[in-house]
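The values are calculated or read from the model by the stated rules, or taken from the named source; none is laboratory data. Quick caveat: nothing in here was measured; it's all calculated off a predicted structure. Every residue, glycine as well, gets a Cβ built from its backbone with ideal geometry; the counts of neighbours run over all protein chains shown.
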Amino acid sequence: MEIRQAIHSEHAKQLDTQGLRDQFLIEKLFIPDQLKLVYSHLDRIILGGALPVDKAITIPKSLNQQTGTDYFLERRELGTINIGGPGSITVDGTRYAVGTHEALYIGKESRDVRFESDDPAKPATFYLCCAPAHQAYPTRKVKLEEASPQTLGDAANSNRRTIYKYLVPDVLPTCQLLMGMTRLEEGSLWNTMPCHIHDRRMEAYFYFDMAQDSLVFHMMGEPHETRHLVVRNRQAVLSPSWSLHSGVGTGSYTFIWAMLGENQTFSDMDHIAMADLR
């Protein structure tokens with residue numbers, strides 16, 4: 001497990017391009033038949049990827065050394081969305097079939113978790129987000145059609161998009177983890193614009209479904225001093241609570257967002273006027 005420390009906004013101003021990438025960009029999340037995890041001190045979120053091809057992937061018991069608990073999910077909850085082929089996740093002996101763009105919420109105190117693919121030629125690809133938890137809620141699968149949709153933006157501003165909220169209070173109970181997927185309509189390239197910050201929650205963006213030669217310019221930083229990261233397919237960005245988070249692509253893309261912090265109110269945002277961006 002890779003460890004990322006929290007970065008103060010004043011410190012971030014001193015970082016060059018490589019420094020920003022080292023601290024906020026996660027470039028490789030999927031390794032065949034391995035579990036890749038990144039532990040960030042930003043609200044202690046853990047991001048990761050599981051790509052089971054020729055064998056199942058389990059959450060190893062050794063990870064309790066990183067969390068200081070008897071087992072990994074003793075005091076944590078986990079959300080995952082499958083962006084690959086059909087697969088399954090077995091939680092404490094119960095198997096859940098998880099298809100493409102389906103999510104699984106795994107509650108606190110789950111001990112044994114195993115990820116598998118139905119077909120090695122089209123492996124399941126599980127993007128993971130894990131948060132500290134204070135209460136055990138039931139493990140549950142959420143299909144795309146069960147996610148709470150919200151369509152925003154318009155074609156004239158190149159930001160027409162639908163937000164599918166998988167792990168939100170309207171769909172199922174979680175302790176603090178919020179998670180969903182945003183699809184942009186054809187011809188729209190901006191996400192989360194006009195942009196915002198939320199001092200009460202951190203957020204992570206995971207970009208996928210991008211062409212090999214396509215990029216996303218992910219905007220970050222304080223509103224009066226913006227920076228950017230160049231992001232490629234299947235890469236993730238950590239966004240501190242002091243940073244705005246928005247992006248524009250050179251081609252079509254989809255992204256998964258995850259948030260955790262003080263509340264679970266999706267609309268709790270501090271909007272930034274376009275005139276105030278610098």
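Would you confirm whether any residue within region 26-39 is polar (S, T, N, Q) and either in contact (Cβ under 8 Å) with a residue 40 or more places away in the chain or in contact with a strand residue (DSSP E or B) (Cβ under 6 Å, 6 or more places away or on another chain) (or both)?
No, because not a single residue in region 26-39 is polar (S, T, N, Q) and either in contact (Cβ under 8 Å) with a residue 40 or more places away in the chain or in contact with a strand residue (DSSP E or B) (Cβ under 6 Å, 6 or more places away or on another chain) (or both).
State the number of residues belonging to region 61-94 that are of a type outside the set (D, E, K, R), closer than 29 Å to residue 240 by Cβ and touching a strand residue (DSSP E or B) at 6+ places or on another chain (Cβ under 9 Å).
Looking only at that region, the number is 12.
Which members of region 118-138 meet the condition of being under 16 Å from residue 29 (Cβ atoms) and in a strand (DSSP E or B)?
126, 127, 128, 129, 130
Among the residues of region 23-52, which ones are farther than 24 Å from residue 243 by Cβ and surrounded by fewer than 17 Cβ atoms within 10 Å (Cβ to Cβ)?
31, 32, 33, 34
What is the residue count in region 141-187 for residues that are over 15 Å from residue 79 (Cβ atoms), touching a residue at least 24 places away in the same chain (Cβ under 8 Å) and hydroxyl-bearing (Ser, Thr, Tyr)?
Counting residues in region 141-187 that are over 15 Å from residue 79 (Cβ atoms), touching a residue at least 24 places away in the same chain (Cβ under 8 Å) and hydroxyl-bearing (Ser, Thr, Tyr) gives 2.
Among the residues in region 262-276, are any buried (at least 19 other Cβ atoms within 10 Å of the Cβ), part of a strand (DSSP E or B) and over 16 Å from the mean Cα position of the chain (by Cα)?
no
For region 64-78, check the following and say yes or no: at least one residue is on the phi > 0 side of the Ramachandran plot and touching a residue at least 60 places away in the same chain (Cβ under 8 Å).
No: zero hits.
Output yes when any residue across region 58-74 is crowded, with 18+ Cβ neighbours inside 10 Å and small (Gly, Ala, Ser), and no when none is.
no
Which of the residues that make up region 91-107 are among the hydrophobic types (A, V, I, L, M, F, W, C), without any contact (Cβ under 8 Å) to a residue 60 or more places away in the chain and crowded, with 21+ Cβ neighbours inside 10 Å?
Within region 91-107, 98, 104, 106 meet the criteria.
Yes/no per residue for (1) at pLDDT 95 or above; (2) more than 24 Å from residue 198 (Cβ to Cβ); (3) not in a helix (DSSP H, G or I):
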site	(1), (2), (3)
21	yes, no, no
28	yes, yes, yes
36	yes, yes, yes
39	yes, no, yes
42	yes, no, yes
65	no, yes, no
72	yes, yes, yes
77	yes, no, yes
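Only one residue in 172, 177 is of a type in the set (A, V, I, L, M) and either crowded, with 21+ Cβ neighbours inside 10 Å or at pLDDT below 95 (or both). Which one?
177
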